[in-house]
Amino acid sequence: MKIVSTAAELAAQTSRWSRVAFVPTMGNLHEGHLSLMRQARAHGDCVVASIFVNRLQFGPNEDFDRYPRTMESDCTGLERAGVDLLFAPTEQEMYPVPQLYRVQPPPLGSELEGTFRPGFFDGVCTVVLKLFNLVQPQVAVFGKKDRQQLKIVRGMVQQFNLPIEIVAAETVRADDGLALSSRNGYLTPEERAEAPRLHRVLRGIADAIASGRRDYANLESDGRAELARHGWKPDYVVVRHGLGLRIPHPEAFDHPNLLIVLGAAKLGATRLIDNVDVVPGHARD
Ligand code: PAF
């Protein structure tokens, strides 16, 4: 695997390939990231990964400074996953001057994650657009664990006519159901034992909908209450339509098979997010 850190080196490398499949990351890679890399392999003759901890998407009280930088082990994992090229720019390379031009996310960017992390999707879209322009991929792979991010990036690609196919990859879970995430590393052993509850609560709501429940608001508040009873501080537990993540109409045309249940909650100092499809694979990505 070749490692480059400047835009010029990157351009010299990617121009040699006809179909570049790209996976952007912030490093601290786990099996979930590596599965994105392996899926990318099926979509291109060159797989490019990036590692860049993007200051723009962190709020002032978030974990930018303590976000783990694990370059050596990340490179070992990327090599193993068959990545051809790693772009690991410095902050100076990505933001040589303050980034005054930003992508304004759609209204969905101010809901759910956007409510609790103001400016998050502005930072994500801005860096993803810059990375797309630098890497110039034909395909980019994003995980479904960050479902709202996936939808917003897909919408940005459509509305700015970027010639990039966005591939959605399934969430990789530990045996007990916990979605793999770089932030799981912050959990104490006791919190790690408790953490799969988030997935269980979301799956429970999804299964209740699949069995005919349509009182989404009750299911949502019961889900939040169950998390709170076990020491979590829930930000949201919601049922949304797979298309555009809008609020579904229980009595109208929204087929329950197309719904997604999303949740975010703090366990101790660690904020975890997850989501499940009511019928796995049915909801739009
Ligand atoms: O999902 C992430 O790791 C980040 O939001 C991304 C897409 C790499 C942008 O910094």
Yeah, the range 128-184 with a ≥ b ≥ c from its alpha-carbon gyration tensor (a/c under 1.5 is rounded, else prolate when a/b outruns b/c, oblate otherwise) is prolate
Dipole of the chain [Lys/Arg +1, Asp/Glu -1 at C-beta], most positive-end residue of SER5, TRP232, ILE166 = ILE166
Rounded to the nearest 10, the angle in degrees between the Cα long axis of helix 120-135 and the longest principal axis of the Cα atoms of the chain comes to 30
Tilt of helix 71-80 relative to the longest C-alpha principal axis of the chain, in degrees (0 to 90, nearest 10)?
-> 90
Where a ≥ b ≥ c are the square roots of the eigenvalues of the C-alpha gyration tensor, would you call the range 161-285 rounded, which needs a/c under 1.5, or, failing that, prolate if a/b is larger than b/c, or oblate?
-> oblate
Taking a cut-off of 18 Å between Cα atoms, list the lysines near LYS233, but don't count ones fewer than 8 places away on the same chain.
-> LYS266
Once the Cα gyration tensor of the range 1-88 is diagonalised, semi-axes √(5λ) in Å = 23, 15, 11
How far is helix 147-159 tilted, in degrees, relative to the longest principal axis of the Cα atoms in the chain, given as a value from 0 to 90 rounded to the nearest 10?
-> 50
Express in % the proportion of alpha carbon pairs of the chain at distances exceeding 24 Å.
-> 51
Roughly how many Å is it from the Cα centre of the range 25-54 to that of the range 215-285, as a whole number?
-> 27
Summed residue charge, Cβ within 15 Å of LEU100's Cβ, Lys/Arg positive, Asp/Glu negative | +2
If each Cα of the range 173-231 is one equal point scatterer, what is log10 of I(q)/I(0) from the Debye formula at q = 0.14, 0.17, 0.22 Å⁻¹?
-> -0.45, -0.63, -0.90
Simple SL model, points at 7 angstrom along Cα→Cβ for GLU170 and VAL279; separation in nm is 1.7
Spacing of the two label points (7 Å from each Cα toward its C-beta) at ARG41 and ALA225, in nm = 4.9
If you add up the charges near SER110, with Lys and Arg at +1 and Asp and Glu at -1, over every other residue whose beta carbon is less than 13 angstrom from its beta carbon, what do you get?
-> -2
When the dipole is taken about the Cα centre of the range 102-237, and only Lys, Arg (+1) and Asp, Glu (-1) are charged at their Cβ, what size is it in debye, to the nearest 20?
-> 200
Taking all pairs of different Cα atoms in the range 70-161, averaging 1/r and flipping that mean, what Kirkwood radius in angstroms comes out?
-> 14.9
Among bridges DSSP assigns within the chain, what percent are antiparallel (round to 5)?
-> 50
Order these peptides, 59-66, 214-221, 89-96, 24-31, by their mean beta-carbon neighbour count within 10 angstrom, highest first.
-> 24-31, 214-221, 89-96, 59-66
Helix-only [θ] at 222 nm, the chain, -39500 (n - 2.57) per DSSP H run of 4+, per residue, nearest 500, equals -10500 deg cm²/dmol
Mind jotting down the distance between the C-alpha centroids of the range 136-212 and the range 91-128, whole Å?
-> 19
Separation of the THR188 and SER110 label points, Cα + 7 Å toward Cβ, nm = 3.9
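Just so you know, all these numbers are worked out from the coordinates, no wet-lab data involved. Small disclaimer: the values here were computed from a predicted structure and weren't measured. Please note: Cβ atoms are built from the backbone with ideal geometry, for glycine as well, and neighbour counts cover all protein chains shown.
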